[in-house]
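Participant: Please see the structure below; I have some questions.
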């Protein structure tokens, strides 16, 4: 069950344009507080920079904000936010730091540079879909374990935890909309000897679409 698209990790991407250095920073965030905390952390780290432009897009409250941080209106924060929106990602914050190199870039040059820095940071962070997973516990014999391993792989599921003692216990997260199919397949493959029990739910990146 697909919920939303976001970025997987923090990232950094930099380049130089006419002696000005642009450093794009991207991070997954969960709410406005974590977004502003990320912005402030970059501002503190690059306090000697001329500009620390930012934009973020959040699911909570459907909030989008941006700042040109002293650059001409519409040349910095807006293109950064446009990169986020066009990628279809949410719960994402991008800050682009600029060290001015003494050469004016003009309106078009600034827009292209901030867009490139944001896009590079976003690509480096990795875009992924987040899905709702049902978590199942499966207890089985070693014989059934050997039979189920290829089946679990064919269903696109991955084993999160395994415990081996007199029997085998597996913890298997399965996308919610595939949960019923997983239970039926495991039960059928083992002639009813193994019956997956749902133990909870979690949100995670969808590795296999």
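The values are calculated or read from the model by the stated rules, or taken from the named source; none is laboratory data. The model shown is predicted, which means the values in this text are computed figures rather than measured ones. For neighbour counting, all protein chains shown are included, and Cβ atoms are generated from backbone atoms with ideal geometry for every residue, glycine included.
Participant: Quick check on this structure: which one of 179, 131 is out of contact with any helix residue (DSSP H, G or I) (no Cβ under 8 Å at 6 or more places or on another chain) and surrounded by 16 or more Cβ atoms within 10 Å (Cβ to Cβ)?
Facilitator: Numbers: 131 fails: out of contact with any helix residue (DSSP H, G or I) (no Cβ under 8 Å at 6 or more places or on another chain).
Of 179, 131, the one residue that is out of contact with any helix residue (DSSP H, G or I) (no Cβ under 8 Å at 6 or more places or on another chain) and surrounded by 16 or more Cβ atoms within 10 Å (Cβ to Cβ) is 179.
Participant: Within the range 67-89, is there a residue that is assigned to a strand (DSSP E or B), in contact with a helix residue (DSSP H, G or I) (Cβ under 8 Å, 6 or more places away or on another chain) and without any contact (Cβ under 8 Å) to a residue 40 or more places away in the chain? Please lay out each step first, then the result.
Facilitator: Start the filter on the range 67-89 by keeping residues that are assigned to a strand (DSSP E or B), which leaves 67.
Now narrow it down to the ones that are in contact with a helix residue (DSSP H, G or I) (Cβ under 8 Å, 6 or more places away or on another chain): 67.
Then keep just the ones that are without any contact (Cβ under 8 Å) to a residue 40 or more places away in the chain; that gives 67.
Checked the range 67-89: at least one residue is assigned to a strand (DSSP E or B), in contact with a helix residue (DSSP H, G or I) (Cβ under 8 Å, 6 or more places away or on another chain) and without any contact (Cβ under 8 Å) to a residue 40 or more places away in the chain.
Participant: I need the full set of residues from the range 114-142 which are within 30 Å of residue 166 (Cβ to Cβ) and outside any loop (DSSP other than H, G, I, E, B), in order please. Full working, then the answer.
Facilitator: From the range 114-142, those within 30 Å of residue 166 (Cβ to Cβ) are 133-142; that's our starting set.
Within the range 114-142, 133, 134, 135, 136, 137, 138, 139, 140, 142 meet the criteria.
Participant: Residue under question is residue 111, and the condition is that it be assigned to a helix (DSSP H, G or I) and within 27 Å of residue 87 (Cα to Cα); does it hold?
Facilitator: yes
Participant: Within the range 194-209, track down each residue that is free of Cβ contacts under 8 Å to residues at least 60 places away in the same chain and in contact with a strand residue (DSSP E or B) (Cβ under 7 Å, 6 or more places away or on another chain).
Facilitator: 194
Participant: Given (1) out of contact with any helix residue (DSSP H, G or I) (no Cβ under 7 Å at 6 or more places or on another chain); (2) more than 30 Å from residue 91 (Cα to Cα); (3) at pLDDT 95 or above, identify the lone condition not met by residue 153.
Facilitator: For residue 153, the failing item is (3).
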